Amino acid sequence: MDALKLKIKRHEKRKRHIRLSVSGTATRPRISIFRSNLHLYGQVIDDERGVTLCSVATVQKEFSQYKNNVNDAAILGEELGKKMIEKNIKSAVFDRNGYLYHGVVKSFADGVRKAGVVF
């Protein structure tokens with residue numbers, strides 16, 4: 001059990017370190033990603049007001065056919081990017097939330113970029 005606690009502690013430390021330098025504004029919000037074993041969540045957040053502008057998640061009814069894998073992450077990223085473009089958000093900062101930037105996280109970010117949003 002000590003190894004699991006250490007792993008969680010290291011993840012929280014990485015997450016805190018990233019959030020010190022990444023903050024979203026109204027003109028350039030923060031895209032935050034969270035992944036569990038089964039699901040994937042993405043949010044666009046204005047940290048100045050503390051408001052979520054738009055989001056996608058595999059638990060939502062319209063995205064329930066997608067899973068937490070690389071191919072589906074790219075599709076979810078594109079959907080989030082389309083929602084951002086509809087709300088006239090063309091630029092953002094990416095918060096990888098302590099996860100390594102590869103696999104699902106990278107695929108999600110590439111999907112958002114493919115929709116036309118610039119990081």
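The values are calculated or read from the model by the stated rules, or taken from the named source; none is laboratory data. Being a predicted model, the structure only gives us computed values, none of them experimental. Here the Cβ is made from the backbone with ideal geometry for all residues, glycine too, and neighbour counts use every protein chain on show. Just so you know, the surface numbers come from the protein's heavy atoms only, side chains and all, with ligands and any DNA or RNA stripped out. Shrake-Rupley method; radii C 1.70, N 1.55, O 1.52, S 1.80 Å.
In the stretch 14-35, what count of residues is obtained for those that are farther than 12 Å from ASP95 by Cα and modelled with pLDDT of 95 or more? Residues in the stretch 14-35 being farther than 12 Å from ASP95 by Cα and modelled with pLDDT of 95 or more: 2 in total. Here the stretch 1-53 is the region considered, the condition is being part of a loop (DSSP other than H, G, I, E, B) and basic (Lys, Arg), and the residue that is surrounded by the fewest Cβ atoms within 10 Å (Cβ to Cβ) is ARG49.
Condition check ((1) closer than 13 Å to ILE33 by Cα; (2) open to solvent by 40 Å² or more (accessible area, probe 1.4 Å)) across all residues:
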{"position": "SER55", "(1), (2)": "yes, no"}
{"position": "LEU76", "(1), (2)": "yes, no"}
{"position": "LYS82", "(1), (2)": "no, yes"}
{"position": "ILE89", "(1), (2)": "no, no"}
{"position": "ARG96", "(1), (2)": "yes, yes"}
{"position": "TYR101", "(1), (2)": "yes, yes"}
{"position": "VAL104", "(1), (2)": "yes, no"}
{"position": "ALA109", "(1), (2)": "yes, no"}
{"position": "VAL112", "(1), (2)": "yes, no"}
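Residues in the stretch 57-74 that are touching a residue at least 12 places away in the same chain (Cβ under 8 Å) and either under 11 Å from PHE108 (Cα atoms) or open to solvent by 60 Å² or more (accessible area, probe 1.4 Å) (or both): VAL59, LYS67, ASN68, ASN69, VAL70, ASN71, ASP72, ALA73, ALA74.
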